[in-house]
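I have placed the structure first, in the form of structure tokens, so that the comments after it can refer back to it.
The values are calculated or read from the model by the stated rules, or taken from the named source; none is laboratory data. Not measured: the values here are computed from a predicted model. Every residue, glycine as well, gets a Cβ built from its backbone with ideal geometry; the counts of neighbours run over all protein chains shown. SASA here: full protein model, heavy atoms, side chains in, ligands and nucleic acids out. Shrake-Rupley method; radii C 1.70, N 1.55, O 1.52, S 1.80 Å.
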There are 2 protein chains.
Amino acid sequence: MQSDAPARPTLADVAARAGVSASTASLAFSGSGPVSDATKERVLAAAADLGYAGPDPRARSLRRGRSGIVGVVLEERVRAAFLDPVKIQMLDGITEGIAPLGAGLLLLTDTGEAGGNAVGIESAPVDAVVLVGCSPRLGVAVEVLRRRGIPAVAIEGAAGEGVPQISIDNRAATRRGAEYLRELGHADVALVTLPFDADRTRGPLTVELIAASTADTASERLAGAREVFPDATGRAAAASSIEEGREAGLALLADPATRPSAVIAQSDLLAAGVINAAEELGIAVPAELSVLGFDGIRVDGLQHDLTTLAQPSVSKGRAAGEAVVQLLAGEPGESVCFTSTLHVGDTTAVPHPARASRATR
Amino acid sequence: MQSDAPARPTLADVAARAGVSASTASLAFSGSGPVSDATKERVLAAAADLGYAGPDPRARSLRRGRSGIVGVVLEERVRAAFLDPVKIQMLDGITEGIAPLGAGLLLLTDTGEAGGNAVGIESAPVDAVVLVGCSPRLGVAVEVLRRRGIPAVAIEGAAGEGVPQISIDNRAATRRGAEYLRELGHADVALVTLPFDADRTRGPLTVELIAASTADTASERLAGAREVFPDATGRAAAASSIEEGREAGLALLADPATRPSAVIAQSDLLAAGVINAAEELGIAVPAELSVLGFDGIRVDGLQHDLTTLAQPSVSKGRAAGEAVVQLLAGEPGESVCFTSTLHVGDTTAVPHPARASRATR
DNA sequence: CTGAAAGCGCTTACAG
DNA sequence: CTGAAAGCGCTTACAG
């Protein structure tokens, strides 16, 4: 029986009804002090009578100095970020990593300042933050958080003083994949890269594009490939998606005269698109074209076992979460650089004889 | 120049340094009162000197009674939820809908009670909550939130007193799609459904499975299909994914003697999988098999224009967000039931002559 | 095991 | 335009 908009009962109300002090009532709920069972029961009963649902988290967090919330800063809008399976896995890993905290995950983006009273990175009630991605804007975010005294962890880039960095061996891993292709006998290798800039320019891999890169991941993976195939060129995709990979693939494979014998794609989604393009053009994978991916995700619907550099996305997220836990415990957070492993699937093979002879000529 | 762990400056410190009262300093930051430019500048300068990054959101939210955070309750772990493009689009829509609030989105799951001091639905510092999905557990969530006095909005199910419900015409829409197939001349129609229960049982569509359903969406779409094809049977998938659709498709299409002329899939992902299965079996879509999906998402990598019931996922999310805004303004939140539209793509056609004659015999 | 007191850091009527 | 005061609802030393 409660009226339409009753004032929510407070802990003080519950204490009064139970005939105890507020301190005791508080203890009965938090369990962080000695309370007799009888008293505890009385408090809980009073709470039930009053319809008290537990301590107000806002007051609790002011008093405790902790909100129990960890922010995740994405460099793009929610939808875009979650189209990337790697990011979703990382998010899942972060959840695991911060589990000991019992904290919730607050989604934040670094797109522009949160206007007015909006909850942005400058004012979110978070105990710590995980920065995901390597946008140059994240540098600003790090500075804002530093001023606020909020610990931060960066996944892939944007680290600063006191900001643990969780990363993978983008360059070395790609080099290893490229070496594998070379060992198979490939020499004509084309690249399909992730976007290099905030504009997500799609098209040929030009010197200008590469020089203007603000995307560490794309640049590092490119560098790794060129350690093995210095003259390798190709196309930049506008996003990591199957469709973008397909378009790049069509552009790269359409002309038999210039067709490479292998493609190094900077993500599995892009690789899957290249394979689709090849199949549309009647080019057999891997007999006539080898395709190497990056990520090691399972591409839903792809009927190949993609050869790829498998990166531990969930572990990356978990490590970031663990670093958050360390930071909140006052310890220095641990930076980790994970190693990706070459998974040899069925999308790479020795080059087609005609190609091989050309390559080794 | 600050020492290792300096006490964070407070608004009072800033006020003192600026030689004004705390009230005035507060006004200078919030802009919600008249402050002379000179004073405001002095306060901001003092803040800059002290490295004060703005009012503490915890104190602010206690005082204001608002945290600026909206919770989104998912019925599964983050990774599972975000594998579903429809949910991601809804999340994006929610973001749009609550934009006027400037609130952040806190990810919550209804899996079990948050133990100890964990931030769960019973203790998250949220101003309102959007319940996504139709898990029976969401009923409990609604009750907890009601006791806490936190407004809630439900997308697809679990609504209760005072909980606006955002839904779509699952049954009627599916019926329309089925009617379209019948008009084309189909009579042998098989179904590939979403999971019916929390166990996500994969397999034939048995009477028991259907009777034990706890999934409104699957049940409603099934009912709609059976309004047109009362005897239609088929298979339940364990999840909405291309791979699950493919497996169900293989099971349904492998035997030429029992092969249907059309498949009604309860999601686009499942439909895409059925198409993959058909192509693997050398069955041409739509010449030899028509496939109808549900959702109207763009399936990355699918080279067909899927015939499907397009539901406005983003609008659903947006409507939920708008209902949250209404609720927080003290207005009754508006329930909305959206209409899905039949999008005729290139995956449906008149049945193959041999089939048609059989069907109309 | 229980209670009285202080205070977390802010914002908001209310005076002036 | 500015200031003094109260209080948001809790938790935590500190006594007893």
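For every other residue with a beta carbon closer than 11 angstrom to the beta carbon of A:ARG63, add +1 if it is Lys or Arg and -1 if Asp or Glu, then tell me the sum. Don't skip to the answer; put the middle values down first.
On the way: positive: A:ARG58, A:ARG60, A:ARG64, A:ARG66, B:ARG58; negative: A:ASP56.
It works out to a net charge of +4.
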### Message
With a 1.4 Å probe and all protein chains left in place, how much accessible area per residue does the protein assembly as shown have, in Å²?
### Response
42 Å²
## Note on the structure
Sorted by chain and then number, the residues having a modelled amide H within less than 5 Å of the amide H of B:SER167, at least 5 places away or on another chain, are B:GLU156, B:VAL336, B:CYS337, B:PHE338
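Give the percent of DSSP beta bridges with both residues in chain A that are antiparallel, rounded to the nearest 5. All intermediate terms of the calculation are to be shown ahead of the outcome.
Details: 5 of 39 bridges.
Counting DSSP beta bridges with both partners in chain A, the antiparallel share is about 15 percent.
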### Task
Take the stretch B:11-55, drop everything but the C-alpha atoms, weight them equally and run the Debye formula without solvent; then report log10 I(q)/I(0) at 0.18, 0.23, 0.24, 0.25 Å⁻¹ to two decimals.
-0.38, -0.63, -0.69, -0.76
### Task
For the stretch A:202-244 and the stretch B:285-309, compute the distance between their C-alpha centroids and round to whole Å.
33 Å
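With a/c under 1.5 counting as rounded, go ahead and sort the protein assembly as shown into rounded, prolate or oblate using the C-alpha gyration tensor (a ≥ b ≥ c being the square roots of the eigenvalues; past the cut-off, prolate if a/b is larger than b/c, else oblate). Walk me through the numbers on the way to the answer.
Numbers: a/c = 2.32, a/b = 1.30, b/c = 1.78.
Taking the square roots of the gyration eigenvalues as a ≥ b ≥ c, the protein assembly as shown is oblate.
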### Query
Using a cut-off of 20 Å between alpha-carbon atoms, which lysines can reach A:LYS316, once sequence neighbours fewer than 8 places away in the same chain are excluded?
A:LYS87
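Probe radius 1.4 Å, ligands and nucleic acids left out: can you give me the accessible area buried at the A-B interface, summed over both chains, in Å² to the nearest hundred?
Buried area between the two chains comes out at roughly 4600 Å².
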### Query
Taking only C-alpha pairs under 8 Å that are 6+ residues apart, what is the relative contact order of chain A in percent?
17 percent
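Within the protein assembly as shown, what whole-number % of the accessible surface is contributed by carbon and sulfur, with the 1.4 Å probe and all protein chains included in the calculation? Don't skip to the end; give the middle numbers.
Numbers: 15830 of 30170 Å².
On the protein assembly as shown, the fraction of accessible area on carbon and sulfur atoms equals 52 percent.
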### Summary
In whole Å, largest first, the alpha carbons of the stretch B:148-263 cover along the principal axes 59, 31, 25
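Counting partner chain Cβ atoms within 10 Å of every residue's Cβ in B:123-132, what's the average? Working shown, then result.
On the way: counts 9, 5, 11, 3, 1, 0, 0, 0, 0, 0.
What the average comes to for B:123-132 is 3.
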### Message
Threshold 30 Å², probe 1.4 Å: give the residues of the stretch A:39-69, in number order, that are less accessible with all protein chains present than with their chain alone.
### Response
A:ALA53, A:PRO57, A:ARG58, A:LEU62, A:ILE69
### Query
So who's got an amide H within less than 5 Å of the one on A:LEU306, skipping anything under 5 residues away but keeping other chains? H placed 1.01 Å off N, in plane.
A:ASP346
### Task
Would you mind telling me which residue in A:ASP295, A:ASP231, A:ASP84 has the biggest mean-square fluctuation in a Gaussian network model of chain A, where springs connect alpha carbons within a distance under 10 angstrom?
A:ASP231
### Message
Please compute the contact order of the stretch B:11-55 in relative form: average sequence separation of alpha-carbon pairs under 8 Å and at least six residues apart, divided by the residue count, as a percent.
### Response
43 percent
### Query
Computed over the Cα atoms of the stretch B:1-100, what is the ratio Rg over Rh, Rh following Kirkwood?
1.18
### Query
Looking only at B:PRO195, B:PRO85, B:PRO230, which one moves most when chain B is put into a Gaussian network model with springs between Cα atoms under 10 Å?
B:PRO230
### Query
Expressed as a rounded percentage, what relative contact order does the stretch B:54-208 have, with Cα pairs under 8 Å and six or more residues apart?
19 percent
### Query
Residues in the stretch A:37-75 near a label at A:SER23, defined as backbone nitrogen under 17 Å from the 7 Å Cα→Cβ point?
A:39-40
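Work out the FRET efficiency for A:THR10 and B:ASP49 from their Cβ-Cβ distance, taking R0 = 30 Å, and round it to the nearest 0.05.
Working: r = 38 Å, r/R0 = 1.28.
Calculated transfer efficiency: 0.20.
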### Task
May I ask what percent, to the nearest 5, of DSSP beta bridges between residues of the protein assembly as shown are antiparallel?
15 percent
### Query
Put +1 on the Cβ of every Lys and Arg and -1 on every Asp and Glu Cβ in chain B; which of B:PHE29, B:ILE242, B:PRO353 then has its Cα farthest towards the positive end of the dipole?
B:PHE29
#### Entry: Global form of the stretch B:218-263, assessed from the alpha-carbon gyration tensor, a/c cut-off 1.5
oblate
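Using just the helices of chain A, give the 222 nm mean residue ellipticity in deg cm²/dmol: DSSP H runs with n ≥ 4 each add -39,500 (n - 2.57), and the total is spread over all residues, rounded to 500.
Details: 14 runs with 150 residues, N = 361.
My calculation for chain A gives -12500 deg cm²/dmol from helical runs alone.
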### Query
Put a point 7 Å out from Cα along the line to Cβ at B:THR206; what are the distances to that point in the other copies, in nm, shortest first?
6.4
### Task
Along Cα-to-Cβ, 7 Å out, sits the label point; list in nm, shortest first, how far the one on A:LEU281 is from those in the other copies.
3.2
### Other copies of B:GLY19: label-to-label distances in nm, shortest first, labels 7 Å along the beta-carbon direction
5.9
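More than 39 Å apart: what percent of Cα pairs in chain A qualify?
Details: 21324 of 64980 pairs.
Value for chain A: 33 percent of Cα pairs lie more than 39 Å apart.
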### Estimated inter-spin distance, A:VAL207 and B:LEU281, nm [label 7 Å along Cα→Cβ]
5.6 nm
